[in-house]
Structures are given as C-alpha cells and as structure tokens.
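Bear in mind these aren't lab numbers, they're just calculated from the coordinates by the rules spelled out. Computed from a predicted model, the values in this text were never measured in an experiment. FYI the Cβ positions are ideal-geometry reconstructions off the backbone, even for glycines, and counts take in every protein chain you see.
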Amino acid sequence: MTASFRGCFVPEVTMKGVVIFMSSVWSSPNPLLFGRGRAAEIGAELRKLGCKKALVVYDKGVADAGIADKVISAIESGGVAAVRFDKVQADPPDWSAEEAGTLGVSEGVDCVVGVGGGSSLDTAKAAKLLITNPPPLKRYYGRDGVVTKPSVPLILLPTTAGTGSECTPGGVITDTERGIKTNIAGVGCAVTLGIVDPELTFGLPKSVTASTGMDALCHCIESYTSARANPFSEVAGREGIRLVAEYLIRACDDGSDAEAREGMMKASSLGGIAMSGALCHLSHDIGRSLGAKFHVPHGNGCAACLPQVLEAVVHVKTEQVLYFAKCFGSAPPDGASPAEIGRAAYTAALGLMGRIGLPNMKQLGLDRAALLAAVPDEVVMQCEMAAKAGFVTSPIPVTKELIANIVSRAYDEN
Ligand SMILES: [Fe+2]
C-alpha cells in the first residue's frame with residue numbers, strides 16, 4: 001500500500017531561455033475506491049484491515065442527510081462496531097479535533113472513518129493522529145520536521161466534490177490560540193483508503209455544490225501554477241480543470257445529474273492529488289485568512305479572489321493560465337499578450353462564479369476596510385512562515401501591496 005512520498009526528481013525547467021534545475025515533490029496518494037455505490041463496501045474494507053471497532057467522524061449536515069446512518073449500517077454489516085462522533089465543527093478547531101481523539105481513545109477503537117466535507121475528513125485525520133500521539137494537537141502542527149507515530153487505519157468518504165482530503169497527506173486545523181489555520185501531516189494522520197462514491201453528493205444543495213466545486217477548481221489551478229508544480233501535479237491539475245469546466249455548471253443546475261456528479265468527484269480527487277506535492281498558493285492563502293478571521297466557508301473564501309490571482313500570476317505562468325481560459329471557453333486570439341491572456345482567464349473565472357451563483361465578498365457581508373486591515377498582513381505572515389519551512393508556493397513574490405491590490409479589486413469587481 002502506498003502513502004505519500006518525497007522524491008528527489010530533478011526536472012529541467014526552461015525559464016526565459018535558460019535551463020535551470022530544481023527539486024520537486026511528487027506525492028502518490030493512498031488507494032481510492034471510486035464509483036457509484038462503493039460506500040457500501042466500507043464494512044468489508046474494514047474487515048480486510050482486521051478492524052473491530054470504528055470511530056465514525058461526521059457533522060450534523062451529514063447526519064441530517066441520512067448519510068451517516070447509511071455508512072454506519074454498512075460498517076456494522078461488516079461485523080465492525082461503530083462509535084459516533086457527530087460534533088464536527090466548520091473550520092475544525094483544535095479543541096473539537098481533540099474531543100474526537102479523546103473519544104476514540106476512551107472507547108478503544110482500532111480504526112477511524114471520516115464521512116463528510118473537508119472539516120469532517122480533517123477532524124478524522126486529527127482523531128487518528130491523537131489515538132497514538134498524546135494531545136495537545138498543537139504538538140504536531142506543521143508539514144515537515146514533525147515526527148508522529150503510526151496510528152490505526154483511516155478510511156475517508158467525501159460527501160462533497162471539493163476537498164480532495166481523501167488523498168492528501170495532511171489536514172487543516174484551526175489553531176485557536178493564534179487564530180490561524182494550520183496543518184497537521186505525517187504518518188500519524190495518513191489516509192489508509194479513500195472511498196469516493198459520487199452518490200453521496202447527489203443531495204447537496206446548489207450553494208454547497210458551487211462553493212465546494214470552486215474549492216476543487218482552486219486546488220487544480222493553484223497547484224498547476226504553483227512554484228512547486230511538477231509533471232505529476234500538472235497532469236492531475238490539468239485534467240481536474242477540464243473536468244470542472246465540463247461538469248460544475250451541470251452539477252449546480254441539476255444535482256441529480258449523475259454524470260456531472262461523477263465528473264466533479266473525479267475533479268475533486270485529482271485536485272487533492274495535484275496539490276499534495278505542489279500545494280496551493282494565493283487564492284488559498286487568502287481563503288484561509290477569510291476562513292480563520294471572518295468565518296467565510298472555505299470554497300467561497302478560496303474562490304473570492306481567483307480572477308485577480310490569475311491575472312497576477314499570468315506573466316510567469318502564461319501557458320497554464322491560457323489553458324485555464326481555453327477550458328472555460330474564453331480563449332484569447334493567437335499571439336495574445338500575457339495581459340490579454342490574464343484578462344481572458346479573469347473573465348472566464350468571473351463568468352463561472354456568476355453563472356453558479358457564488359456569493360461575492362459583499363454578499364458574504366464582509367467589510368472592505370476590515371478585510372484590508374487584516375488579510376494582507378495575515379497572508380504575508382503565513383507565507384513568510386511557510387518560506388522559512390521551505391514551502392514557497394506562490395509563483396510571484398508575496399507582498400502586502402500585492403495582496404491588498406488583489407483583495408480590494410476582488411471586493412470591487414467580483
Ligand atoms: Fe481547499
């Protein structure tokens with residue numbers, strides 16, 4: 001069984017006519033079972049892993065939709081007992097993840113199952129981590145240099161087409177002491193198996209389909225244009241962008257369109273694969289700040305500035321931004337300048353957001369001055385911290401002026 005790995009691939013990259021060499025990270029995801037109806041296989045999969053008692057992690061929405069009962073019934077039909085943790089919070093705070101882990105330890109579970117959107121899947125990752133690694137969770141914040149002990153098997157079933165968390169090596173947790181979103185990663189929270197069943201998304205309302213779909217799109221285009229992009233992430237990112245262009249509007253218009261739901265699930269998992277090594281950059285950096293400081297839902301926050309981010313990076317990622325524009329039917333004429341290509345992609349992204357009814361920052365009730373007072377400082381601070389740890393993802397230098405320009409334009413224009 002594979003997990004994420006760090007290779008020492010040394011590709012040749014031509015930039016301004018000069019061949020340079022750089023190292024990159026290729027992440028090979030855990031196995032995924034993909035297809036309609038495959039959630040029913042979870043009991044058998046747990047039994048294959050030798051599990052007898054599962055901590056099942058989900059939120060109220062998943063319970064209300066009847067999905068938790070359906071999954072738990074499938075678990076129990078495999079002869080595995082289920083312990084429910086149904087209190088997952090949005091933008092999962094550390095204390096909530098610790099509650100889930102504590103329940104798992106006190107109940108003596110031997111596996112964890114996460115069912116839901118990104119918050120549920122990330123809480124499940126943290127719960128798995130804490131079963132063999134003592135709390136508090138803050139001891140394990142960070143992507144690299146944090147040593148964690150292996151833990152029990154973890155199976156994730158996404159119920160939205162957006163997060164891609166079922167095939168990423170880490171999770172995002174809100175550090176409530178510092179009021180920021182941070183990462184957990186390492187062998188202690190590694191995914192054992194993802195079960196990606198498009199039928200679990202059939203009942204999603206249009207607003208959630210739209211915001212989570214934009215999250216998937218941001219994973220794909222940001223990893224495709226990341227400073228850490230590599231041929232592996234590029235293949236996954238390109239195909240994910242194509243799938244979103246083909247299916248997101250259809251899935252929003254008709255939630256029972258099985259082909260569109262399946263296409264978006266593929267895009268979501270490909271986004272997770274793409275970003276596992278390449279990581280995301282400016283749209284997610286801004287989105288994380290909007291989530292932590294202003295409680296904007298993740299997909300809405302990450303997409304809020306996407307048109308402006310595409311224009312900002314087009315001068316160094318011209319071919320990639322052109323591909324994005326073409327996928328969404330906004331191809332500029334042959335020989336177009338980078339600025340024209342950037343404008344075509346901007347128009348494409350803005351058109352998509354309008355077409356699927358994604359609320360802009362004004363409609364989300366955000367205050368322009370409050371945003372500008374908080375977001376640029378926060379994003380630059382996060383990028384500086386990441387750079388110190390060796391994770392530079394933005395293809396262009398990140399300054400307060402750049403972020404303020406992107407956010408203020410997005411507020412006024414989108
Ligand atoms: Fe995301």
request  = Between the alpha-carbon centers of segment 147-193 and segment 332-360, tell me the distance in whole angstrom.
outcome  = 33
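What fraction of the DSSP beta bridges in the chain is antiparallel, stated in percent and rounded to the nearest 5? Could the numbers behind the result be given before it?
Working: 11 of 31 bridges.
The antiparallel proportion sits near 35 percent.
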request  = Please work out the Cα center distance from segment 220-266 to segment 24-80, rounded to the nearest Å.
outcome  = 23
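Contact order normalised by length for the chain, with contacts defined as Cα pairs under 8 Å and 6 or more residues apart; what percent is it?
14
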task = Once you've got the GNM for the chain with C-alpha springs shorter than 10 Å, pick whichever of LEU217, LEU243, LEU33 has the biggest mean-square fluctuation.
result = LEU33
message = Of ALA331, VAL379, CYS280, which is farthest towards the positive pole of segment 206-413's charge dipole, taken about the Cα centre with +1 and -1 on the beta-carbons of Lys, Arg and Asp, Glu respectively?
response = VAL379
task = Output the peptides 254-264, 55-65, 366-376 sorted from most to least packed, where packing is the average of other Cβ atoms within 10 Å over each peptide's residues.
result = 55-65, 254-264, 366-376
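Report, in cubic angstrom per residue, the convex hull volume of the C-alpha atoms of segment 356-403. Please list the in-between numbers first.
Details: hull volume 5.0 nm³, N = 48.
Convex hull volume per residue, Cα atoms: 104 Å³.
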key: Backbone HN-Hα couplings from phi across segment 165-178 [Karplus 6.51/-1.76/1.60, Hz, Gly and Pro as x]   = 5, 5, 9, 10, x, x, x, 10, 10, 7, 7, 6, 5, 9
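How big is the charge dipole of the chain about its Cα centre, in debye rounded to the nearest 20, if each Lys and Arg gets +1 on its Cβ and each Asp and Glu gets -1 on its Cβ?
Details: 38 positive and 43 negative charges, 115 e Å.
Its charge dipole is roughly 560 debye.
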Using alpha-carbon coordinates, inclination of helix 400-413 to the longest axis of the chain, degrees = 90
task = Tally the DSSP beta bridges in segment 88-246 and give the antiparallel ones as a percent, rounded to 5.
result = 45
note = Listed by chain and number, the aspartates and glutamates with an alpha carbon less than 16 angstrom from that of LYS149, same-chain partners under 8 positions apart left out, are ASP110
Estimated vicinal HN-Hα couplings, Hz - segment 108-123 in sequence order (Karplus 6.51, -1.76, 1.60; Gly, Pro = x) = x, 5, 10, 6, 10, 10, x, 10, x, x, x, 5, 5, 5, 5, 5
Dimensionless Rg ratio for the chain, taking C-alpha atoms and the 2.2 N^0.38 Å reference = 0.93
task = May I ask you to list the aspartates and glutamates whose Cα is less than 14 Å away from that of LYS400, ignoring any residue fewer than eight positions away on the same chain?
result = ASP285, ASP377, GLU378, GLU384
note = Taking segment 32-201, the equivalent ellipsoid from its C-alpha gyration tensor has semi-axes in Å, biggest first, of 23, 17, 14
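Kindly flag which residue pairs out of LYS48/LYS293; LYS125/LYS266; LYS326/LYS362; LYS87/LYS138; LYS60/LYS326 have an alpha-carbon separation exceeding 32 Å in this structure.
Values: LYS48/LYS293 43 Å; LYS125/LYS266 21 Å; LYS326/LYS362 29 Å; LYS87/LYS138 20 Å; LYS60/LYS326 39 Å.
Distance filter (> 32 Å) returns LYS48/LYS293; LYS60/LYS326.
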message = Taking only the Cα atoms of segment 80-175, how large is their convex hull per residue, in Å³?
response = 94
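Expressed as a fraction of 2.2 N^0.38 Å, the rule-of-thumb size for a compact globular protein of N residues, what is the C-alpha radius of gyration of segment 206-413? Walk me through the numbers before you get to the answer.
On the way: Rg = 15.7 Å, N = 208, 2.2 N^0.38 = 16.7 Å.
In units of the globular-protein estimate, segment 206-413 measures up at 0.94.
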task = Taking the Cα centre of segment 32-201 as origin, sum charge times position over the Cβ atoms of Lys and Arg (+1) and Asp and Glu (-1), and report the length of that vector in debye to the nearest 20.
result = 380
ask   = Can you run phi through the Karplus equation (6.51, -1.76, 1.60; θ = phi - 60°) for segment 34-45 and list ³J(HN,Hα) in whole Hz, with x for Gly and Pro?
value = 10, x, 4, x, 6, 4, 5, 7, 5, x, 5, 5
message = If you take every residue apart from PRO153 with its C-beta less than 12 Å away from the C-beta of PRO153, what net charge results, scoring Lys and Arg +1 and Asp and Glu -1?
response = +3
note = Amide H proximity to ALA81 below 5 Å, modelled H, separation 5+ or other chain, gives LYS53, ALA54
